[in-house]
Amino acid sequence: MDTDRGTGILDTVPGQFVVRAMYSLPPAGEVQPPEASLEMFVPRVGRVRFTFELAGPVPHKRAHWCWQAKSADLLPGRA
């Protein structure tokens, strides 16, 4: 796990769950806040808080707004 980048446990979460979390967010666009977070249960990992950054189009290139995974943090278990 690469903790120097501040990504938490993002490298250990299976990609299918990162994608599922990303598709749970509202559509990316300039009207969205620069960051969005949500919590999701990931089997064999536990309850995870995902944080995504809004990435805008690159100037002078044809591109779309999108969400990029920034970090994932393991949340404490519920009693």
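Read-outs: derived from the displayed coordinates by stated rules, not from any lab. Note that the structure is a prediction, hence the values are computed from the model and not measured. Note that each Cβ is placed from the backbone with ideal geometry, even for glycine, and that neighbours are counted across all protein chains shown.
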Label corresponding to Cα Rg over 2.2 N^0.38 Å when calculated from the structure given, among [x] 2.03; [y] 1.75; [z] 1.19: [z]
S71 long-range amide H proximity, modeled H, under 5 Å: T51
Dipole in debye (nearest 20) - the chain, about Cα centre, beta carbon charges: Lys, Arg +1; Asp, Glu -1: 240
Theoretical FRET efficiency, 1/(1+(r/R0)^6), r = Cβ-Cβ of F41 and H64, R0 25 Å, to 0.05: 0.25
Cβ-derived FRET efficiency at R0 25 Å, E53 paired with T12, nearest 0.05: 0.80
Trypsin sites (Lys or Arg not before Pro) lying in DSSP loop within the stretch 15-65, provided at most 11 other Cβ fall within 10 Å: R44, K61, R62
Sum of -39500 (n - 2.57) over DSSP H runs of 4+, divided by residues of the chain (222 nm, nearest 500): -3000 deg cm²/dmol
